[in-house]
Amino acid sequence: MPDPTSLDLVSGAPAARQVLQDPFWATVLRRHDDVDLVVLPPEAPDRTEVPAGEPTVEPDAARQELRARMAGLWAALGLDVEPTRLDDVWFAGSAPGTLRWQGTATFDDLDPVVASGALQRAQELLDEADGWRVLAPPDGVPRVLAGRPGTIGREDVQVLAPAAGRVVLRIRSALVVVGEAAAAEAIGGGAR
């Protein structure tokens, strides 16, 4: 949060003019003339830093390891068949030279008992002792959402049962350090 003494605050008529020139805030004031409006300057976003000495990895090798981890998770969830659909993609990471991987495996035509059992096992496997924060909302699509801090960033797991006999497993990795050239190539479609 910025130090209040370092902020360049605008008030009075100049502030009112700035607010009236902004389409969003002008509409808010017009519709809610009974409120006082205070617009604060934006905060600088947190910068993700790659720790010094963090080794770089090849995107293809990292992708193979992440795919194997996902296959291990679906086997641990009791999904002992090949997915109906399997895809994965690299996203740009929040720090230069990093990527974030997302893999999605969809299992159709499962026994509904197996599908619901996968959700129960996900809650048991993704445990607080391993740093996971697990959420299983009681309403909406039956699902288990979990996240935990990674070496750099965080990793997330979603296990959803959007229909009877269907399970979708989605994993997002923490940041993977590959170097700037490799990151640009992977995002551009070079590393599959």
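Let a ≥ b ≥ c be the square roots of the eigenvalues of the Cα gyration tensor of segment 30-83; is it rounded (a/c under 1.5), or, if not, prolate (a/b larger than b/c) or oblate?
oblate
Note down the relative contact order for segment 76-191 as a percent, whole number, built from C-alpha pairs under 8 angstrom at least six residues apart.
Answer for segment 76-191 is 30 percent.
HN-Hα J couplings of segment 96-107 from phi, Karplus 6.51/-1.76/1.60, θ = phi - 60°, integer Hz, Gly and Pro as x?
3J(HN,Hα) across segment 96-107, in whole Hz: x, x, 10, 10, 10, 9, 10, x, 10, 10, 10, 10.
For the chain, set up a GNM with springs between Cα atoms under 10 Å and report which of ALA75, ALA163, ALA16 has the largest fluctuation.
ALA16
How large is ³J(HN,Hα), in whole Hz, for each residue of segment 25-34 in order, when computed from phi with the Karplus curve 6.51 cos²θ - 1.76 cosθ + 1.60 and θ = phi - 60°, using x for Gly and Pro?
So the Karplus estimates, Gly and Pro as x, are 5, 5, 5, 4, 5, 5, 7, 10, 6, 8 Hz.
How much space per residue, in cubic angstrom, does the convex hull of the C-alpha atoms of the chain take up?
217 Å³
Over segment 1-145, average the accessible area per residue using a 1.4 Å probe and give it in Å², no decimals.
Counting only protein heavy atoms, the per-residue value for segment 1-145 is 71 Å².
Quickly estimate the mean residue ellipticity at 222 nm for the chain, helices only: each DSSP H run with n ≥ 4 gives -39500 (n - 2.57), and the total goes over all residues, rounded to 500.
The per-residue figure over the chain is -9500 deg cm²/dmol.
For segment 139-192 and segment 81-117, compute the distance between their C-alpha centroids and round to whole Å.
The two parts, judged by their Cα centres, are 7 Å apart.
Would you mind computing, in nm to one decimal, how far apart the modelled labels at ALA52 and ASP87 are, each placed 7 Å from Cα along Cα→Cβ?
4.3 nm
Looking at segment 12-83, which GluC sites (Glu not before Pro) are DSSP coil and have at most 11 other C-beta atoms within 10 Å of their C-beta?
Within segment 12-83, the qualifying GluC sites (Glu not before Pro) (loop, at most 11 other Cβ atoms within 10 Å) are GLU43, GLU49.
Rounded, prolate or oblate: which one fits segment 16-110, using the alpha carbon gyration tensor with axes a ≥ b ≥ c (rounded when a/c is under 1.5, else prolate when a/b beats b/c, else oblate)?
Because a/c hits 1.5 or more and a/b fails to exceed b/c, segment 16-110 counts as oblate.
The values are calculated or read from the model by the stated rules, or taken from the named source; none is laboratory data. Here the structure is a predicted model, which means the values were calculated and not measured. Because the Cβ atoms are built from the backbone with ideal geometry, glycine has one as well, and the counts that use them run over all protein chains shown. SASA here: full protein model, heavy atoms, side chains in, ligands and nucleic acids out. Shrake-Rupley method; radii C 1.70, N 1.55, O 1.52, S 1.80 Å.
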